[in-house]
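In what follows, a single structure is set out as structure tokens and then discussed.
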Amino acid sequence: NDPNCPFHGSLKLRGRVFSEKIVSTKSHRTATIEMERRHYIPKYERYEKRKTRLQVHNPDCINAKEGDVVKVQECRPISKTKHFVIIKKTK
């Protein structure tokens, strides 16, 4: 039923692939993942933690829940904020 499913629909995948943890699944067919990275501050010669939140498409066939670790891949823009889709649950 979902045309934006990479397995049962017509969505083509390309680009970046990474694994992250889902922090929210409040929207329909949408999950929010959080990526943590370290940013260097030259003045203090130290690192700080920074977080990036991404909206990803959560197909019905995968149906990942909050707290799951998932593999995500880049695709064409699905909406204004969604440019990634979940391709696999890892944990």
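Coordinate-derived values only; no laboratory data. All figures in this text were calculated on a predicted structure; none of them were measured in a lab. Heads up, the Cβs are rebuilt from the backbone with ideal geometry, glycines too, and the neighbour counts pull from every protein chain shown.
The figures follow:
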| read-out | value |
| --- | --- |
| Long-range neighbours under 7 Å by Cβ, at least six apart or interchain, first residue under 18 Å from residue 12 (Cα atoms) within region 67-91, second of a type in the set (Asp, Glu) | 72/20; 83/74; 84/74 |
| Region 43-55 residues that are basic (Lys, Arg), paired with ones that are assigned to a strand (DSSP E or B) and exposed (fewer than 10 other Cβ atoms within 10 Å of the Cβ) (beta carbon under 8 Å, 6 or more apart) | 46/40; 49/38; 49/39; 50/38; 50/39 |
| Strands (runs of 3 or more DSSP E) contained entirely in the chain, each with at least 2 residues that are surrounded by 14 or more Cβ atoms within 10 Å (Cβ to Cβ) and among the basic types (Lys, Arg) | 82-89 |
